[in-house]
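Read-outs throughout are calculated quantities, based only on the coordinates presented, and are distinct from any laboratory measurement. Quantities reported herein were computed from a predicted structural model and do not represent experimental measurements. Note that each Cβ is placed from the backbone with ideal geometry, even for glycine, and that neighbours are counted across all protein chains shown.
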DNA sequence: CCCTTACTTGCAAGCGTATGCAAGTTTGCC
DNA sequence: GGCAAACTTGCATACGCTTGCAAGTAAGGG
């Protein structure tokens with residue numbers, strides 16, 4: 001039963017004081033001789049410093065709180081995995097909170113996070129209300145929003161270039177000769193959903209056109225399916241649909257192909273956003289905008305770590321380039337290279 | 001900056017002793033008058049007990065360590081979400097460790113977990129070597145293996161009835177009149193992979209037959225694709241393939257359809273295992289064995305909580321029934337009802 | 001060789017909470 | 001009204017660790 005080995009036990013065995021043991025394990029200076037005695041004794045007893053006791057004094061727990069709302073979107077599991085690895089490399093662990101997107105629930109989680117005095121917070125796919133933003137800033141815990149922007153100033157965030165990516169999709173679809181372009185939008189309560197819609201509309205406007213239909217798909221499969229059915233059930237149904245994320249795009253494709261008997265891209269072109277792994281699977285072969293998860297994760301961790309080290313640092317909004325990935329779900333303009 | 005409010009501050013404001021505050025928040029008895037004064041003061045100051053200080057004394061951190069290996073298999077994100085909710089209901093948080101499946105890496109994570117003195121550990125999709133098992137038992141931290149069994153005794157585990165499920169698949173495929181039945185197996189280093197293989201072979205043996213081919217797909221998409229190609233590249237290719245999990249089954253279907261130009265189930269029937277959400281999507285419409293995630297999660301949490309409450313309780317191996325879900329990826333025998 | 005400077009090391013004081021103990025207060029019952 | 005029992009409450013200590021401080025020791029320079 002080695003779970004109760006304390007630094008004092010090690011000290012006794014090594015014949016030094018308890019503070020010597022502490023110094024060896026906390027990286028403070030100690031003579032080579034002492035260090036060796038301590039390490040030897042510690043190894044023998046299976047000693048590891050108690051992180052909670054350490055946290056109480058230093059005020060740093062080595063724990064990052066991660067708040068996640070959607071796990072059905074396969075974008076987030078891979079983000080979680082990458083975040084976990086990247087933070088581990090920096091010496092942090094992840095305390096996970098899954099949460100619905102109701103303000104009350106988010107607030108209660110934030111409460112808990114401040115109680116736990118985590119060293120930092122990352123929220124993924126969580127919309128922050130403004131008062132929550134304030135409370136976080138007030139609690140003084142560094143926080144970075146992953147894949148969500150924040151209106152006004154306040155918190156750091158890392159997103160991809162949602163508007164530019166969507167704009168590129170617009171150009172691409174126009175260049176492909178599509179006449180009636182529609183958009184199953186991402187959840188309009190989220191910045192990603194709004195930015196993609198705005199960028200898309202702007203891109204179409206540049207070409208002197210506009211979407212024939214825009215329906216909020218709420219980042220939900222069922223809603224996306226319903227949106228698709230509604231769009232197609234008109235006199236002049238769209239011949240191209242830009243979908244607010246891949247997860248919904250799969251639903252759109254399924255609906256077009258298996259419920260309406262249409263061909264993609266023969267009858268309707270479909271373009272998504274995210275480039276989750278599944279998008280490359282031959283069953284969908286989805287043309288989509290790639291969010292560079294790895295770079296987004298790296299930036300997130302980097303920003304958070306910097307903010308922990310230097311609490312007064314101004315919040316940053318980082319935006320990672322996102323590029324269109326050409327696959328088979330959308331008609332491709334002749335000679336399109338990008 | 002309310003992050004440094006202590007029980008002493010609350011005590012002063014409320015005009016009571018620090019221990020009174022502690023008692024109110026730890027549920028010990030206190031008079032109604034005191035409780036009210038304390039709560040009022042606490043609310044005013046925004047006080048929340050410091051979980052780490054509490055953990056130091058009580059020895060319980062309220063944190064469960066979750067060790068996960070595969071996140072590319074969509075079975076685990078949903079399990080994580082459900083686990084998170086179920087544990088939250090019991091008052092626990094989840095500290096996540098993602099890990100490769102190398103023994104060294106697992107060992108280092110276990111080390112960390114014992115250092116953190118988590119109240120319990122859940123491993124998902126992690127194979128435990130026997131010496132690791134011992135070390136965990138010795139550390140005295142309750143642990144439950146989720147979706148992995150354990151040879152010999154030692155640790156509690158929750159799995160579905162992998163062998164029975166696979167046996168049922170065998171009967172189903174035989175009854176469907178398939179003549180050459182193959183198996184892209186789950187990773188043979190994992191209990192689930194082995195149990196499903198054994199159950200499947202046993203089921204076929206009952207019918208007086210045997211698989212025409214068995215290849216380990218390692219729970220990996222690429223390996224499953226390669227296995228499929230190898231199986232089909234023979235004089236008498238299989239007319240049915242049972243795949244060790246859904247995630248690989250999608251790869252098998254993609255390979256059959258898009259690389260080999262075959263029809264599923266026309267030319268080859270495919271059956272998976274897990275029933276991840278995607279299996280129900282029309283693009284795959286996968287006949288598969290449903291692992292009742294929710295019930296598995298509930299059992300896992302229940303077992304873990306029981307073991308925390310009563311440390312000397314004997315480890316249990318819980319096995320949840322798994323039933324075949326009929327969809328469109330496999331030819332269905334006339335009048336098959338189950 | 002002595003004095004200054006730089007390191008090591010042990011001592012002791014906390015970090016914020018829970019809890020045994022004793023003193024004080026209320027309640028209940030005859 | 002008085003006494004025992006039940007309940008509250010404050011005091012003080014402990015949990016395992018880090019860190020300022022002072023004393024002790026090694027190194028360095030004239």
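Between copies, how close do the residue B:316 label points come, placed 7 Å along Cα→Cβ, listed in nm from shortest?
Nearest first, the other copies' label points are 5.1 nm away.
Going by Cα centres, the stretch A:115-172 and the stretch B:80-121 are how many Å apart?
About 27 Å separates the Cα centre of the stretch A:115-172 from the one of the stretch B:80-121.
Please determine, in degrees from 0 to 90 and to the nearest 10, the orientation of helix A:221-232 with respect to the longest principal axis defined by the Cα atoms of chain A, where the helix direction is its Cα long axis.
20 degrees
For A:178, B:183, B:247, what ranking results if the residue with the fewest other Cβ atoms within 10 Å of its Cβ goes first?
Details: A:178 22, B:183 29, B:247 26.
Ranking A:178, B:183, B:247 by Cβ neighbours within 10 Å, fewest first, gives A:178, B:247, B:183.
List, shortest first and in nm to one decimal, how far the label point of residue B:62 (7 Å from Cα along Cα→Cβ) is from its counterparts in the other copies.
Once sorted, the set of distances for residue B:62 reads 2.1 nm.
Quick check: convex hull over the Cα atoms of the stretch A:226-338, volume per residue in Å³, rounded to an integer? Don't skip to the end; give the middle numbers.
Details: hull volume 15.3 nm³, N = 113.
That works out to 135 Å³ per residue.
Kirkwood Rh over alpha-carbon pairs of the stretch A:115-176, then Stokes-Einstein at 37 °C and 0.692 mPa s: what D in µm² s⁻¹, rounded to an integer? Working shown, then result.
Working: Rh = 13.4 Å.
Stokes-Einstein gives a translational diffusion coefficient of 245 µm²/s.
Residue by residue through A:74-86, how many Cβ atoms from other chains fall within 10 Å of the Cβ on average?
On the way: counts 5, 0, 3, 11, 3, 1, 6, 8, 2, 2, 6, 3, 0.
The shielding value for this peptide is 4.
Under the classification rounded if a/c is under 1.5, otherwise prolate if a/b is larger than b/c and oblate if not, where does the stretch A:1-160 fall, given a ≥ b ≥ c as square roots of the Cα gyration tensor eigenvalues? Each step should come with its number before you reach the end.
On the way: a/c = 2.88, a/b = 2.48, b/c = 1.16.
It is prolate, given that a/c is not under 1.5 and a/b is the larger ratio.
Diagonalise the Cα gyration tensor of the stretch B:232-287 and give the resulting equivalent ellipsoid semi-axes, square root of 5 times each eigenvalue, largest first, whole Å.
Details: eigenvalues 74, 26, 16 Å².
In descending order the semi-axes read 19, 11, 9 Å.
Per the Kirkwood definition applied to all pairs of different Cα atoms, how many angstroms is the hydrodynamic radius of the stretch B:150-211?
Working: mean 1/r = 0.0821 Å⁻¹.
This gives a value of 12.2 Å.
Using the scaling law 2.2 N^0.38 Å as the reference, what is the normalised Cα Rg of the stretch A:1-79? Each step should come with its number before you reach the end.
Numbers: Rg = 18.0 Å, N = 79, 2.2 N^0.38 = 11.6 Å.
In units of the 2.2 N^0.38 Å rule of thumb, it is 1.56.
Using the 2.2 N^0.38 Å rule of thumb for compact globular proteins, work out how the stretch B:67-117 stacks up: its C-alpha Rg over that value, please. Mind dumping the intermediate values first?
On the way: Rg = 12.2 Å, N = 51, 2.2 N^0.38 = 9.8 Å.
Cα Rg divided by the expected 2.2 N^0.38 Å: 1.25.
Report the semi-axes of the equivalent ellipsoid for the stretch A:162-292 in whole Å, largest first, where each axis is √(5λ) for an eigenvalue λ of the Cα gyration tensor. Walk me through the numbers on the way to the answer.
Values: eigenvalues 69, 57, 41 Å².
Ellipsoid semi-axes (Å, largest first): 19, 17, 14.
Report, in degrees rounded to the nearest 10, the 0 to 90 angle that the Cα long axis of helix B:162-175 makes with the longest principal axis of chain B.
Once rounded, one gets 30 degrees.
List the pair-distance distribution P(r) of chain B, using every Cα-Cα distance, as the percent of pairs falling in each 10 Å bin from 0 up to the bin containing the longest distance, rounded to whole percents.
The calculated distribution, bin by bin, is 6, 23, 25, 18, 13, 7, 5, 2, 0.
Restricting things to alpha carbons, find the Rg to Rh ratio for the stretch A:7-49 using the Kirkwood radius for Rh. Working shown, then result.
Numbers: Rg = 8.6 Å, Rh = 9.7 Å.
Taking Rg over the Kirkwood Rh, I get 0.89.
Mind pulling the angle between the C-alpha long axis of helix A:130-139 and the longest principal axis of chain A? Nearest 10 degrees, somewhere in 0 to 90.
20 degrees
Distance from the Cα centre of the stretch A:273-338 to that of the stretch B:256-273, in angstrom?
33 Å
For the protein assembly as shown, what does the helix formula give at 222 nm: sum of -39500 (n - 2.57) over DSSP H segments with n ≥ 4, over the residue count, nearest 500 deg cm²/dmol?
Working: 24 runs with 289 residues, N = 676.
So the helix-based figure for the protein assembly as shown works out to -13500 deg cm²/dmol.
Which ordering of A:294, B:23 is given by a fewest-first count of other beta-carbon atoms within 10 Å? Mind dumping the intermediate values first?
On the way: A:294 13, B:23 17.
Arranged by neighbour count, lowest to highest, A:294, B:23 become A:294, B:23.
Cα atoms only, the protein assembly as shown: Rg and Dmax in Å?
In order Rg, Dmax, the Cα atoms of the protein assembly as shown give 27.7, 88 Å.
What's the average, rounded to a whole number, of partner chain beta-carbon atoms within 10 Å of each residue's beta-carbon in B:46-55?
Values: counts 6, 1, 6, 1, 6, 7, 11, 4, 1, 6.
Mean number of neighbouring Cβ atoms from other chains: 5.
Out of all DSSP beta bridges in the protein assembly as shown, what portion is antiparallel? Express it as a percent rounded to 5.
10 percent
Along Cα→Cβ at 7 Å, what distances in nm separate the residue A:31 label point from those on the other copies, shortest first?
Label point to label point, same position, other copies: 6.0 nm.
The stretch B:52-145: D in µm²/s via Stokes-Einstein (Kirkwood Rh, Cα pairs, 10 °C, 1.306 mPa s)?
For the chosen part, D equals 116 µm²/s.
Taking 37 °C and 0.692 mPa s as the conditions, I'd like the Stokes-Einstein D for the stretch B:215-263 in µm²/s, using the Kirkwood hydrodynamic radius from alpha carbon pairs. Can you show the working numbers first?
On the way: Rh = 10.6 Å.
Estimated via Stokes-Einstein, D reaches 311 µm²/s.
Across peptide B:207-218, how many C-beta atoms of other chains are within 10 Å of each residue C-beta, on average?
Details: counts 0, 0, 0, 0, 0, 0, 0, 0, 0, 0, 0, 0.
Average neighbour count from other chains, rounded to a whole number: 0.
What number, in percent, do you get for the relative contact order of the stretch A:183-278 if the mean sequence gap of Cα pairs under 8 Å and at least 6 apart is divided by its residue count? Display every interim value, and only then the final one.
Values: 139 pairs, mean separation 26.6, N = 96.
Dividing the mean separation by the residue count of the stretch A:183-278 yields 28 percent.
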